[in-house]
Amino acid sequence: VFMKGCPLRCAWCHNPESQKAEREMMFRKNRCTGCGKCFALCRFDLKNCDLCGACTVYCPANAREIVGKEYTLEEVLEEVAADKLFYQTSNGGVTFSGGECLAQPIFAVSLAKRLRERGVSVYIDTCGYAKRETLEKIIPYADRFLYDIKAIDANVHEKCTGKDNRLILDNLKFLCDMGCKVEIRYPLVK
């Protein structure tokens, strides 16, 4: 389950469409052929885009896409239920990711609780930049935390992500002290 919104702005982000919490127009410059159909159809300049989607329909190269859709808890549960047989036969489950899934704490905790009630395993893929209260609430429903440490050095971390890493490291220690299963991931970026 990919959620939009992330407090970090990692220089190497592999999901830039999930950084902002709101819906947005993505433009993939490498796909654009320069045909101009998107400009001919649009009532606005791109800075004032109202996300009508006309440019996405007529772009022959699929260079433009509206990303982000609101789902209710029930809609996500229905989507997840479609893969229940897969979870049962593989001993798998659902991974919350994004962006930063804990940036939507009420939704993440509610979904994790409902999935746990249905016997579905939940992994939390997180950068750790979340309120302690959010971690406390989701721990009972999380089987494992996939925890990204972007950089140990505070200056390097802030330079690469735009945020200090103190909260992230404190939260990692908290999860370990609570006996949570944590898999630390550390990106190697040139």
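The values are calculated or read from the model by the stated rules, or taken from the named source; none is laboratory data. Since we're looking at a predicted model, the values are computed, not measured. Don't worry about glycine lacking a Cβ; one is built from the backbone with ideal geometry, like all the others, and counts go over all protein chains shown. Areas reflect the complete protein model, heavy atoms only, side chains present, ligands, DNA and RNA absent. Shrake-Rupley method; radii C 1.70, N 1.55, O 1.52, S 1.80 Å.
In the set Lys181, Lys190, which member is open to solvent by 90 Å² or more (accessible area, probe 1.4 Å), free of Cβ contacts under 8 Å to residues at least 12 places away in the same chain and either among the basic types (Lys, Arg) or closer than 17 Å to Cys10 by Cβ (or both)?
Result: Lys190 is the single residue among Lys181, Lys190 that is open to solvent by 90 Å² or more (accessible area, probe 1.4 Å), free of Cβ contacts under 8 Å to residues at least 12 places away in the same chain and either among the basic types (Lys, Arg) or closer than 17 Å to Cys10 by Cβ (or both).
Hey, can you tell me all the residues within the stretch 1-18 that are loosely packed, with under 14 Cβ neighbours inside 10 Å and of a type in the set (Lys, Arg)?
Correct list: Arg9 only.
Identify the residue in the stretch 67-80 that is open to solvent by 50 Å² or more (accessible area, probe 1.4 Å) and not acidic (Asp, Glu) and, among all such residues, is nearest to Arg114 (Cα to Cα).
Step one: list which residues in the stretch 67-80 are open to solvent by 50 Å² or more (accessible area, probe 1.4 Å), which gives 69-72, 74-75, 78-79.
Applying the additional criterion that residues be not acidic (Asp, Glu) yields 69, 71-72.
Values: Lys69: 21, Tyr71: 15, Thr72: 13 Å.
Of everything passing the filter in the stretch 67-80, Thr72 is nearest to Arg114 (Cα to Cα).
Somewhere in the stretch 49-66, is a residue assigned to a helix (DSSP H, G or I), in contact (Cβ under 8 Å) with a residue 24 or more places away in the chain, open to solvent by less than 30 Å² (accessible area, probe 1.4 Å) and among the aliphatic types (A, V, I, L, M)?
no
Among the residues of the stretch 36-61, which ones are touching a helix residue (DSSP H, G or I) at 6+ places or on another chain (Cβ under 6 Å) and either modelled with pLDDT under 85 or not small (Gly, Ala, Ser) (or both)?
Correct list: Lys37, Cys38, Leu41, Cys42, Ala54, Cys55, Tyr58, Cys59.
For the stretch 99-154, which residues satisfy the criterion of being aromatic (Phe, Trp, Tyr) and over 19 Å from Arg185 (Cα atoms)? Before the answer, list the steps.
Kept after step one, since they are aromatic (Phe, Trp, Tyr), are these residues of the stretch 99-154: 107, 123, 129, 141, 145, 147.
Of everything in the stretch 99-154, those that are aromatic (Phe, Trp, Tyr) and over 19 Å from Arg185 (Cα atoms) turn out to be Phe107, Tyr141.
For the stretch 94-113, what are the residues that are without any contact (Cβ under 8 Å) to a residue 60 or more places away in the chain and open to solvent by 30 Å² or more (accessible area, probe 1.4 Å)?
Pro105, Ile106, Ser110, Lys113
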